[in-house]
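A.B. asks: For reference, the structure I am asking about is given below.
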Amino acid sequence: MTQLLLFNVTNGLIIGAFYVLMAIGLSLILNLSNVINFAHGSFLVVGGYIAYTFEPYLGFWGALIVSPFLTAIIGLAVEKILISRVYSRDPLYSLLLTFGLAFIFEDGTRSIWGANGKPFTVPAFLSQPLSNEFFFITGYRLFMVAVVTIAVALLFVLLRFTRAGIRIRAGTLDLETVSAVGINVRALRSLNFAVGIFLAGLSGVLAGGQLGLEPTMGAGLLMPSFVAIIVGGVGSLAGTLVGGLLIGVASGITAVFFPAASEAVIYVLMALVLLVRPRGLFGEEGMLT
Amino acid sequence: MKEPPKQGIDRGLVVLAAIWAALLLAPAWMPLIGGYTALGTRVLVLGLAAMSLNFLLGFTGVLSFGHAAWFGLGAYGCGLILKYVALSTPLSVLAGTLLGGVMGGLLGALIVRRRGVYFAMVTIAFGQVFYYIAFQWSSLTGGDDGLRPFYRQPLHLWFATVDILNNTTSFYYFVLVCFALAVAAMAFILRSPFGRTMVAIRENERRARFLGIPIELHIWIAFTLSCFFVAYAGTLYALVNNFADPRGLHYSQSGDFVMMAVMGGMRSFWGPLLGAVVFVVLQDYVSSITINWQIYIGIMFVVVVLFFPRGILGAIRRRAAA
Amino acid sequence: MSLLQVKGVSKHFGNLVAVNNISMTVEPGELRAIIGPNGAGKTTFFNLITGFFLPSAGRIIFDGRDITDLLPARRVWAGMARTFQVTEIFPELTVRENLRIAVEAAAGLRLRAWLSQVDDQKIRARISELIGMGGLSAKADRQVGELSHGDQRANEIMMALALKPRLLLLDEPTAGMGDQETYEITHLIRRLHKDSKLTIVLIEHDMRVVFHLADRIMVLDQGKFLAEGTPQEIAANEAVQTAYLGQAA
């Protein structure tokens with residue numbers, strides 16, 4: 001029984017780590033620019049497919065490194081051309097815009113790469129299980145957790161110690177003052193968006209290795225990211241981190257007792273948090289918008 | 001809500017009469033332009049849903065991106081009654097409306113303290129909860145295949161029995177009557193002190209608060225009312241299709257409703273109906289000529305947001321004022 | 001009994017002390033002005049009185065009642081009304097509609113779905129009364145957002161008046177106005193004070209307005225109380241003059 005529980009908790013943490021990667025990118029964009037990026041799942045898919053396209057030429061590792069950057073560039077283009085036009089308007093419009101973009105991307109990936117799933121090959125040594133006893137922890141899953149940990153750590157370093165990062169954090173708290181001090185808010189938003197999309201692209205590569213690639217996979221991974229942000233508290237990256245891990249673990253544990261409900265439990269968790277602490281675990285008081 | 005000058009009153013009444021004339025005579029003129037009555041029925045129902053959402057979005061200024069949840073609950077409630085409980089159209093409509101409205105009211109209470117994107121996010125998540133339940137609880141809901149079979153039942157009025165199952169024209173008029181009832185209720189509420197308070201909250205929440213208006217309570221009431229209306233539309237939708245499925249609960253359905261309201265014009269009462277007409281017609285047309293219709297819907301979203309944020313009626317008003 | 005007693009109220013924002021241990025007592029029928037250099041904490045002080053923030057320390061007694069923990073809407077019901085530095089009105093509605101909402105809110109009718117003929121008549125009468133008082137008769141059916149700054153402010157003041165307040169708080173009512181409009185608003189405030197015997201507390205930078213209207217003046221500087229007294233006393237007060245050194249008086 002404990003063995004089973006351990007299995008599921010560990011599994012849950014691994015799943016949670018993945019959710020964290022997706023959700024943090026989403027959270028970054030939400031916090032600074034007040035935009036709910038419905039197309040985040042689409043960028044994940046694009047990231048995966050780009051990696052798939054480049055793998056024959058660059059190998060797995062090359063694709064892993066190149067794809068997030070390319071995806072971020074696409075994201076940057078989208079931000080500059082489309083999304084930046086609606087920042088000053090009611091959040092309704094950015095929602096509708098990213099919503100429409102999600103449609104366009106989904107159909108777009110379908111026409112470029114076909115509607116059928118594509119396999120994404122991962123280096124053989126990674127697919128080996130760790131040991132007979134821990135058969136469920138394949139090397140690839142550990143690798144995923146490692147990548148996520150590195151990415152999140154790098155992000156926190158970026159936000160804490162670089163000038164751009166500090167400005168992003170300041171902008172999250174008070175964009176007006178940041179702008180009044182003479183900092184180029186447009187450029188800041190673009191950079192922030194690109195970083196968020198980079199993370200989405202990275203998630204796509206990792207997801208591809210684990211699940212294979214298909215055009216519709218983005219949407220299914222988007223909702224848990226939303227819930228992670230709500231549970232962790234809007235406005236707090238640390239909260240998103242905790243939220244993602246929490247829902248992953250909750251999902252894992254539920255799989256022991258009620259396998260069918262393991263997906264539903266994240267919503268139950270969300271409802272609980274909303275009842276007991278509406279601002280989320282780490283959310284700030286008075287986050288009225 | 002406005003007290004328009006003399007000229008305006010006359011113009012408003014004329015427009016209203018024209019709208020109702022068009023609606024009443026639809027089965028006559030629709031086939032002439034390549035339409036068909038059943039399409040009109042569908043547009044009415046979706047238009048009602050969009051107007052219900054706009055009650056909240058356009059008039060109170062609160063964005064819910066999860067209204068499909070209550071719409072779908074209305075549909076499932078209606079279908080479940082017809083399938084398992086009683087062969088009665090009125091009862092199933094009532095049940096579906098109550099189911100969607102009450103759930104909306106309960107869950108809405110959890111989130112009224114939040115506003116803006118946070119509120120929208122949570123409504124999306126709520127919607128997905130119900131989507132997920134409908135999908136998974138297949139023993140009750142039929143899962144991915146949807147809830148079927150059930151059929152709309154003839155209406156036993158005191159002077160006649162109306163066959164709304166087989167006679168599409170009779171059914172259209174039935175839906176039109178239901179539509180009229182809902183629309184009348186909405187208009188009535190919007191003209192009342194409560195309706196004016198809703199507009200006040202939209203116009204300037206801070207000022208409303210400092211006039212002693214309890215904002216959260218009002219938003220919750222407006223939210224709940226709009227959930228009841230949209231659930232009612234959902235029951236009608238189930239009757240249109242003789243079928244209820246999870247896709248009706250998905251956030252993309254919510255997105256469609258929002259788009260209809262925006263496209264038609266959020267600040268006007270009839271705007272969302274116009275938006276529904278355009279949206280449904282476009283969607284039908286595009287999906288019949290290409291398999292990649294999603295891309296075109298997506299492009300439409302982008303174009304409307306960037307170039308027609310005030311919708312068709314908004315653009316017309318701009319022209320008229322200029 | 002004093003109408004408003006603010007006792008030792010402070011407000012911290014993290015390490016920033018915006019308001020530091022300020023006390024104030026206002027008698028019914030008084031017109032009190034609060035002045036001070038920029039950043040003195042005047043608006044924050046107002047925000048504390050009206051419930052926009054809760055104080056970090058101190059108590060607020062209004063009409064004998066401790067209202068320190070009450071939400072803004074409750075304070076409105078207790079008899080307090082306010083205007084803001086940046087005029088807060090319903091810009092896309094007409095003057096008449098703006099006042100309608102205020103009057104209905106004041107009458108406790110916000111939740112009503114239906115209005116009887118009699119009630120409707122009474123409301124319309126009250127709206128007309130307010131429009132007349134504010135000098136807005138010619139512009140009653142125009143969108144407030146399109147009116148001049150002075151008219152918008154008059155509209156806002158009338159909306160506050162619709163609430164039949166015991167205490168009216170005006171935050172820089174003549175902010176950003178030219179001489180003509182300043183004169184008109186000052187005149188309006190004076191009329192309201194005399195005719196309706198309203199208790200008024202206002203924040204002002206324009207000293208002509210202050211000295212024309214105020215019974216008593218309180219001076220704040222950097223979040224702290226500096227001086228209080230009649231206009232003559234304040235004008236002669238050296239500490240006040242020092243605080244304002246370099247500021248136009």
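Please treat every number below as a calculation from the coordinates, not as lab data. Source: prediction; values computed, not measured. Here Cβ is always computed from backbone atoms with ideal geometry, including for glycine, and neighbour counts include all displayed protein chains.
A.B. asks: Hey, could you grab the Kirkwood Rh for chain A? Inverse mean 1/r over distinct alpha carbon pairs, Å, one decimal.
C.D. replies: Its Kirkwood hydrodynamic radius stands at 19.4 Å.
A.B. asks: Of the lysine pairs in the protein assembly as shown, how many meet both conditions: Cα atoms under 27 Å apart, and a spacing of 8 or more in sequence or different chains?
C.D. replies: The number of close lysine pairs in the protein assembly as shown is 24.
A.B. asks: For peptide B:290-301, compute the average count of partner chain beta-carbon atoms within 10 Å of each residue's beta-carbon.
C.D. replies: 5
A.B. asks: May I pose another question? For segment B:172-182, just list the computed ³J(HN,Hα) in residue order, Karplus coefficients 6.51, -1.76 and 1.60, θ = phi - 60°, integers in Hz, with x standing in for Gly and Pro.
C.D. replies: So the Karplus estimates, Gly and Pro as x, are 4, 5, 4, 4, 4, 4, 4, 4, 4, 4, 5 Hz.
A.B. asks: Which whole-number percentage describes the relative contact order of chain B, with Cα contacts under 8 Å and a sequence gap of 6 or more?
C.D. replies: Dividing the mean separation by the residue count of chain B yields 30 percent.
A.B. asks: Equivalent-ellipsoid semi-axes (√(5λ), Cα gyration tensor) for segment C:90-162, whole Å, largest first?
C.D. replies: Equivalent ellipsoid of segment C:90-162: 21, 12, 10 Å, largest first.
A.B. asks: Apply 1/(1 + (r/R0)^6) to the Cβ-Cβ distance of residue B:168 and residue A:73, taking R0 = 51 Å, and write down the FRET efficiency to the nearest 0.05.
C.D. replies: On the way: r = 53 Å, r/R0 = 1.03.
Efficiency, rounded to the nearest 0.05: 0.45.
A.B. asks: Over the C-alpha atoms of segment C:97-249, what are the Rg and the largest Cα-to-Cα span, Dmax, in Å?
C.D. replies: 18.4, 61
A.B. asks: Let me ask another. Which of the peptides B:260-269, C:124-133 is most tightly packed, and how do the rest follow, judged by the mean count of other Cβ atoms within 10 Å per residue?
C.D. replies: Final packing ranking: B:260-269, C:124-133.
A.B. asks: What distance in nm separates the two pseudo spin-label positions at residue B:21 and residue C:195, each 7 Å out from Cα along the beta-carbon direction?
C.D. replies: The modelled label-to-label distance comes out at 5.0 nm.
A.B. asks: Moving on. Taking amide H positions as placed 1.01 Å from N in the peptide plane, with prolines and chain starts having none, which residues 5 or more places from residue C:19, or on another chain, fall under 5 Å of its amide H?
C.D. replies: Amide H to amide H, under 5 Å and 5 or more residues apart or across chains, residue C:19 pairs with C:11.
A.B. asks: Highest mean first, what order results for A:225-238, A:79-92 on Cβ atoms within 10 Å? Can you show the working numbers first?
C.D. replies: Values: A:225-238: 25.4, A:79-92: 16.9.
Ranking, from highest mean packing down: A:225-238, A:79-92.
A.B. asks: Then there's this: Can you compute the radius of gyration and Dmax for segment B:36-250, using only the Cα atoms, both in Å?
C.D. replies: 17.7, 56
A.B. asks: Enumerate the amide H contacts of residue C:94 below 5 Å, restricted to partners 5 or more residues apart or on another chain; note that Pro and chain-start residues carry no placed amide H.
C.D. replies: C:144
A.B. asks: Per residue of segment C:152-157, what does 6.51 cos²θ - 1.76 cosθ + 1.60 with θ = phi - 60° give for ³J(HN,Hα)? Whole Hz please, x for Gly and Pro, Karplus curve as stated.
C.D. replies: 4, 5, 4, 4, 5, 5
A.B. asks: Once the Cα atoms of helix C:95-106 and of chain C are each reduced to a long axis, what angle between those two axes, in degrees from 0 to 90 to the nearest 10, is obtained?
C.D. replies: 80
A.B. asks: Going through the DSSP H helices of chain A, which span 18 Å or more along their own axis at the Cα atoms while scoring at least 1.6 as a mean Kyte-Doolittle hydropathy?
C.D. replies: Details: long enough: A:2-33 (44 Å, 1.63); A:40-81 (32 Å, 1.17); A:91-113 (33 Å, 0.83); A:139-161 (32 Å, 2.12); A:185-211 (38 Å, 1.23); A:217-232 (24 Å, 1.98); A:237-257 (31 Å, 1.94).
Span-like helices, by this rule, are A:2-33, A:139-161, A:217-232, A:237-257.
A.B. asks: If you add up the charges near residue B:247, with Lys and Arg at +1 and Asp and Glu at -1, over every other residue whose beta carbon is less than 14 angstrom from its beta carbon, what do you get?
C.D. replies: -3
A.B. asks: Evaluate peptide B:56-63: per residue, the Cβ atoms of other protein chains within 10 Å of its Cβ; return the mean as an integer.
C.D. replies: 1
A.B. asks: Name the long-range amide H neighbours of residue C:202: under 5 Å, sequence gap of 5 or more, or other chain; modelled H, no Pro or chain starts.
C.D. replies: Counting only residues 5 or more places away or on other chains, the set is C:32, C:33, C:34, C:170.
A.B. asks: Hey, another quick one. If you count, for every residue in C:90-96, the Cβ atoms of partner chains within 10 Å of its Cβ, what is the mean?
C.D. replies: Working: counts 10, 3, 5, 7, 2, 0, 2.
Other-chain Cβ atoms within 10 Å of each residue's Cβ, averaged: 4.
A.B. asks: Once R0 is set to 56 Å, what does the formula 1/(1 + (r/R0)^6) return for the Cβ-Cβ distance between residue B:137 and residue C:53, expressed as a FRET efficiency to the nearest 0.05?
C.D. replies: After rounding, the FRET efficiency stands at 0.75.
A.B. asks: On to the next question. Please order C:83, C:242 by the number of other Cβ within 10 Å, starting at the fewest.
C.D. replies: Numbers: C:83 24, C:242 11.
Neighbour counts put them in this order, fewest first: C:242, C:83.
A.B. asks: Please list 3J(HN,Hα) in residue order for segment B:57-70, calculated via the Karplus relation 6.51 cos²θ - 1.76 cosθ + 1.60 where θ = phi - 60°; whole Hz, with x for glycine and proline.
C.D. replies: Once θ is set to phi - 60°, the couplings for segment B:57-70 become 6, x, 9, 9, x, 10, 9, 10, 10, x, 5, 4, 4, 6 Hz.
A.B. asks: Using all alpha carbons of segment A:137-289, what is the percent of pairwise distances in each 10 Å bin, ordered from the shortest bin to the longest?
C.D. replies: Bin by bin from 0 Å, the calculated values are 10, 31, 37, 18, 4, 0.
A.B. asks: Using only alpha-carbon positions, what ratio does the radius of gyration of segment B:1-93 give when scaled by 2.2 N^0.38 Å?
C.D. replies: Cα-based Rg divided by the globular estimate yields 1.45.
A.B. asks: Once Rh for segment B:218-322 is found with the Kirkwood sum over Cα pairs, what is the Stokes-Einstein diffusion coefficient at 10 °C and 1.306 mPa s, in µm²/s?
C.D. replies: 104
A.B. asks: Using R₀ = 60 Å, calculate the FRET efficiency as 1/(1 + (r/R₀)^6) where r is the Cβ-Cβ separation of residue C:71 and residue B:32; round to 0.05.
C.D. replies: The calculated FRET efficiency here is 0.50.
A.B. asks: Starting from the 7 Å offset along Cα-to-Cβ, what nm value, one decimal, do you get for the label separation of residue A:34 and residue A:277?
C.D. replies: My value for the distance between the label points is 2.7 nm.
A.B. asks: Continuing with the same structure: Hey, if you put +1 on the Cβ of every Lys and Arg and -1 on every Asp and Glu Cβ in chain C, which of C:113, C:226, C:174 ends up farthest toward the positive end of that dipole?
C.D. replies: C:113
A.B. asks: Quick one: go through segment B:162-195 and flag any residue whose amide nitrogen is under 16 Å from the point 7 Å out along the Cα-to-Cβ line of residue B:87.
C.D. replies: Zone members listed by number: B:162-167.
A.B. asks: A follow-up question, please. Using only DSSP helix segments of four residues or longer, with each worth -39500 (n - 2.57), what per-residue ellipticity at 222 nm results for the protein assembly as shown after dividing by its residue count and rounding to 500?
C.D. replies: -21000 deg cm²/dmol
A.B. asks: How would you order B:90-99, A:46-55 from highest to lowest mean count of nearby Cβ atoms within 10 Å?
C.D. replies: A:46-55, B:90-99
A.B. asks: Still on this model: Could you give the C-alpha radius of gyration of segment B:169-255 expressed as a fraction of 2.2 N^0.38 Å, taking N as the number of residues it contains? Don't skip to the end; give the middle numbers.
C.D. replies: Working: Rg = 16.6 Å, N = 87, 2.2 N^0.38 = 12.0 Å.
For segment B:169-255, the normalised Cα radius of gyration comes out at 1.38.
A.B. asks: Using the 2.2 N^0.38 Å rule of thumb for compact globular proteins, work out how the protein assembly as shown stacks up: its C-alpha Rg over that value, please. List each step's numbers first, then the result.
C.D. replies: Working: Rg = 30.2 Å, N = 860, 2.2 N^0.38 = 28.7 Å.
Rounded to two decimals, the normalised Rg is 1.05.
A.B. asks: Output the 0 to 90 degree angle, nearest 10, between the alpha-carbon long axis of helix C:117-133 and the longest principal axis computed from the alpha carbons of chain C.
C.D. replies: Relative to chain C, helix C:117-133 is tipped by roughly 50 degrees.
A.B. asks: Quick one: check the C-alpha center-to-center distance for segment A:201-221 versus segment B:155-177, whole angstrom.
C.D. replies: 49
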